Amino acid sequence: MTIKTVYFDKASSAHTEKVLDLVKDHLDSNPDIEHLIVATTKGATGLVAAEKFQNKKVIVVSHQTGFAAENVNELTEENRLRIESFGAKVLTATHAFAGVARSIRKELGTWMPTEIIAVALKTFGQGTKVCAEIAMMAADAGLVPVDKDVICVAGTGRGADTAWVIRPTYSQFFPRIRMKACLCKPLEF
């Protein structure tokens, strides 16, 4: 099997359309992949993916409520409704590599294993870390199977610049996740 990996010169939301085109090409060649998991903040990337991939099971993963400010979810209600109108599901949950571990670091200055894992994954780029994270979050929510490959799309900041074929697992079984193929990512991030 040959899988082409595209490397962007630098991280940028300007790559979003190209990332989704690369994902479509891979899905066209691999119709057995049914699920696409897409990270979104305010909803723009999730909306574009939900509209483009109506023939797939799309899960759009937002930031957890309170990520940016107390009692605030950054995903706009308008975008949430529009995403769902295309048949996609929206998942808002605690980030797999954050949660309680992040609170300990922020309050006590002590790094916990999940945040160390996140830092290690970021050596491949922010989007790669997020792809692993959203794969586990979707599995934990029962939205994707753990015995089939999925495609995860994420980015650095806003938009998308990274896509991976992943065999997801539940967060409680993190070492079982398989980052099978990188479809695209930035070289500089």
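Rule-based calculations on the coordinates, nothing more; no lab input. All figures in this text were calculated on a predicted structure; none of them were measured in a lab. Here Cβ is always computed from backbone atoms with ideal geometry, including for glycine, and neighbour counts include all displayed protein chains.
For n ≥ 4 DSSP H runs only, could you compute -39500 (n - 2.57) per run for the chain, divide by its residues and tell me the 222 nm figure to the nearest 500?
Values: 6 runs with 66 residues, N = 189.
Helices in the chain give a 222 nm mean residue ellipticity of -10500 deg cm²/dmol.
Only alpha carbons enter this Debye calculation for region 1-74, each as an equal point scatterer, and the log10 of I(q)/I(0) it gives at q = 0.17, 0.28 Å⁻¹ is -0.75, -1.31.
Take the Cβ atoms of Phe86 and Ala14, set R0 to 22 Å, and the FRET efficiency comes out at 0.40.
I need the Kirkwood Rh of region 85-189: take the reciprocal of the average 1/r across all distinct C-alpha pairs and report it in angstrom. Let's see the in-between values first.
Details: mean 1/r = 0.0700 Å⁻¹.
Result for region 85-189 stands at 14.3 Å.
Have a look at the DSSP beta bridges in the chain and tell me what percent are antiparallel, nearest 5. Numbers along the way, then the final one.
On the way: 10 of 26 bridges.
Once the DSSP bridges in the chain are tallied, antiparallel ones form about 40 percent.
On average over all directions, what projected area in square nanometres does region 30-104 have, based on the convex hull of its Cα atoms?
Numbers: hull surface 22.0 nm².
Directional mean of the projected Cα hull area for region 30-104 stands at 5.5 nm².
Estimated from the Cβ-Cβ distance and a Förster radius of 45 angstrom, the FRET efficiency linking Thr65 and Glu188 is about 0.90.
Taken over the C-alpha atoms, the chain has Rg and Dmax values of 15.5, 49 angstrom. Among the listed pairs Lys18/Lys57; Lys24/Lys180; Lys10/Lys89; Lys57/Lys180, those with a Cα-Cα distance over 24 Å are Lys10/Lys89.
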